[in-house]
1. Taking H placed 1.01 Å from N in the peptide plane, check which residues at least 5 places from Glu68 or on another chain put their amide H under 5 Å from its amide H.
2. Nearest 10 degrees is fine. How inclined is helix 55-65 to the longest principal axis of the chain, computing both from alpha carbons?
3. Under the 0.36 nm per residue contour assumption, what length would be gained going from the current alpha-carbon distance of Asp31 and Asp17 to full extension?
4. Computed from the mean reciprocal separation of all distinct C-alpha pairs, what Kirkwood hydrodynamic radius does the chain have, in Å?
5. With each label point set 7 Å from Cα along the Cα-Cβ vector, what nm distance links Ala59 and Asp39?
6. Taking amide H positions as placed 1.01 Å from N in the peptide plane, with prolines and chain starts having none, which residues 5 or more places from Leu40, or on another chain, fall under 5 Å of its amide H?
7. Report the gain in length on full extension from Arg7 to Arg48: 0.36 nm times residue separation, minus Cα-Cα distance, nm rounded to one decimal.
8. Please list 3J(HN,Hα) in residue order for region 11-21, calculated via the Karplus relation 6.51 cos²θ - 1.76 cosθ + 1.60 where θ = phi - 60°; whole Hz, with x for glycine and proline.
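Just so it is clear, none of the values below were taken in a lab; they were calculated from the coordinates. Not measured: the values here are computed from a predicted model. Neighbour counts run over all protein chains shown; Cβ positions are idealised from the backbone, glycine included.
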Amino acid sequence: MMETTTRTYRVHGMTCDHCVGAVTRELGSLDGVSDVQVDLATGDVTVRSGRPLDDVEVAAAIDEAGYELAS
């Protein structure tokens, strides 16, 4: 059975459902990602994947969506 990794990231700049969709789409396209949940009120994005994700690739996906990963 494959082990699942879950991590929560804080994303700056999301204000609406379009933002949620863009971030969900970009993170969901990363290899191994099985689920993305966005809490628009807090900016928290929880990502479930079948492998540990590199912070650089997560930041790049969020940047591609037009937002910024909080440090």
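1. It is His12, by chain and number.
2. 40 degrees
3. 2.7 nm
4. One over the average 1/r among Cα pairs gives 11.9 Å for the chain.
5. So the label points at Ala59 and Asp39 sit 2.3 nm apart.
6. Close amide H contacts, sequence-distant or interchain: none at all.
7. Stretched out fully, the Arg7 to Arg48 stretch lengthens by 14.1 nm.
8. For region 11-21, the Karplus curve yields 10, 8, x, 7, 10, 8, 5, 4, 4, 4, x Hz.
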